[in-house]
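Participant: Take a look at this one; I'll ask things after.
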Amino acid sequence: MKTILTTSAREAAEFIRRGGTVAFPTETVYGLGANVFDEKAVAKIFAAKRRPNDNPLIAHVGNFGQIESLVSEITPSAQKFIEAFFPAPLTLVLPKAERVPFSATANLETIGVRMPKNDSALEFLRQCETPLVAPSANLSGRPSPTTWQAVYEDLNGRIDCILQGAAATEIGLESTVVDCTANAPLVLRAGAITLEDLQKIVPDTLIYQVSKDEQPKSPGLKHRHYSPRARVILISDLKFRVSNGSAYIGLNEPYEKFDLIKICQSVKDYAHEFFNFFRECDRRHIKRIYCETVEEKGIGLALMDRLKRAAVSGTLSP
Ligand code: AMP
Ligand code: MG
């Protein structure tokens with residue numbers, strides 16, 4: 001398959017209309033989109049990404065009306081979050097509408113819905129005239145793509161089209177996922193909309209903790225994620241010895257010499273940079289990436305979640 005590169009939302013939307021797959025920029029990372037109501041198109045996403053089919057997809061909408069076509073109910077907490085945040089890097093899990101195929105939700109009775117806060121993404125969604133399911137546009141398990149070049153690296157020849165953004169995506173981390181089906185909203189995945197932000201709107205919002213012998217509520221949580229080929233090592237103390245083929249990313253200058261170093265200006269900047277840095281390390285055949293840990297609050301919670309997952313090799317649970 002030939003992958004077409006374009007900066008035209010209209011040209012890209014044509015591929016969606018014909019049942020194809022298109023990678024497009026959002027404010028979080030690049031998504032790989034297909035028409036949510038077209039089962040064959042949805043299947044192409046799983047094949048292109050080599051995504052396990054028990055990992056559900058997030059539906060993206062370009063306007064508020066489309067939310068109602070995807071869900072059977074907007075619960076009171078979801079209504080509050082929609083009013084307070086949408087469009088935003090925030091996915092709300094709600095009971096799915098009957099016409100949403102189970103292939104999109106990995107057989108769950110619920111669907112994650114979000115409205116991206118990015119002009120190119122919204123323009124593209126409007127041109128498509130349908131909600132799109134869109135997981136991150138990387139090969140399953142690899143670091144999420146924050147540039148069209150990263151999408152190209154993983155998916156050239158496997159998808160129909162890449163809608164090219166001018167710069168790296170603004171946030172660089174995937175959306176916050178919140179289950180709004182129960183009484184108290186549960187944060188299933190941390191992101192740029194923080195627990196503190198959510199609690200200002202619905203005070204009893206909680207962080208979901210997977211207990212050891214329970215199946216995780218968010219099926220994606222059990223898969224290997226965000227991993228470069230290099231080994232990722234988390235460090236809080238900067239005094240340690242390193243060998244050749246090592247890289248470092250963090251907020252503070254390390255004492256040792258590394259083959260590649262990235263000093264970030266803030267936790268937000270760190271979150272923006274690290275996926276791209278992981279890919280850069282792989283291109284340079286780095287063997288070990290030392291990542292400085294940050295405080296797990298605000299966007300630091302999301303950053304630490306991704307770093308911890310990248311540092312685990314293999315699946316987190318059987
Ligand atoms: P990605 O689109 O690759 O960023 O991954 C989407 C993630 O959102 C999945 O791996 C799940 O963890 C979560 N998710 C999506 N839909 C649902 C749902 N219906 N219920 C629970 N979690 C979901
Ligand atoms: Mg992903």
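The values are calculated or read from the model by the stated rules, or taken from the named source; none is laboratory data. On a predicted model such as this, the values are computed, not experimentally measured, just so you know. Every residue, glycine among them, receives a Cβ derived from its backbone with ideal geometry; neighbour counts consider all protein chains shown. Areas reflect the complete protein model, heavy atoms only, side chains present, ligands, DNA and RNA absent. Shrake-Rupley method; radii C 1.70, N 1.55, O 1.52, S 1.80 Å.
Participant: What order, most packed first, do the peptides 273-284, 36-47 have when packing is the mean number of other Cβ atoms within 10 Å of each residue?
Facilitator: Peptide ranking by packing, descending: 273-284, 36-47.
Participant: I've got another one for you. May I ask you to evaluate 6.51 cos²θ - 1.76 cosθ + 1.60, the Karplus curve with θ = phi - 60°, for each residue of region 77-87 and list the ³J(HN,Hα) values in order in whole Hz, giving x for glycine and proline?
Facilitator: Using θ = phi - 60°, the values come out as 5, 4, 4, 5, 5, 4, 5, 6, 10, 4, x Hz.
Participant: Same structure, new question: Helix 299-311 versus the longest principal axis of the chain: what angle, 0 to 90°, nearest 10, using Cα atoms?
Facilitator: Approximately 70 degrees, to the nearest ten.
Participant: Right, something else. Please give the net charge around Lys80, taking every other residue with its beta carbon less than 13 angstrom from that of Lys80, where Lys and Arg add +1 and Asp and Glu add -1.
Facilitator: Charge balance near Lys80 sits at -2.
Participant: Given labels modelled 7 Å from the Cα in the Cβ direction, how far is it in nm from Leu139 to Tyr255?
Facilitator: Here the answer is 3.9 nm between the modelled labels.
Participant: Given a Förster distance of 22 angstrom, what is the FRET efficiency for Arg158 paired with His285, based on the Cβ-Cβ distance and rounded to 0.05?
Facilitator: For R0 = 22 Å, the calculated efficiency reads 0.40.
Participant: Something else now. What is the percent carbon and sulfur in the accessible area of the chain, measuring with a 1.4 Å probe over the protein chains and ignoring ligands?
Facilitator: Answer for the chain is 48 percent, counting heavy atoms of protein chains only.
Participant: Here's another thing I want to ask about it. For a quick check: with amide H placed at 1.01 Å from N, whose amide H comes under 5 Å from Val113's, ignoring anything fewer than 5 positions away on the same chain?
Facilitator: The list, which skips near neighbours in sequence, is Ala59, Leu92, Val93, Leu94.
Participant: Tell me the per residue accessible area of the chain using a 1.4 Å probe; a whole number in Å² is fine.
Facilitator: About 45 Å² of surface per residue is accessible.
Participant: While we're here: Pick from His285, His272, His60: which residue has the top mean-square fluctuation in a GNM of the chain where Cα pairs under 10 Å get a spring?
Facilitator: Checking each option, the largest mean-square fluctuation is seen for His285.
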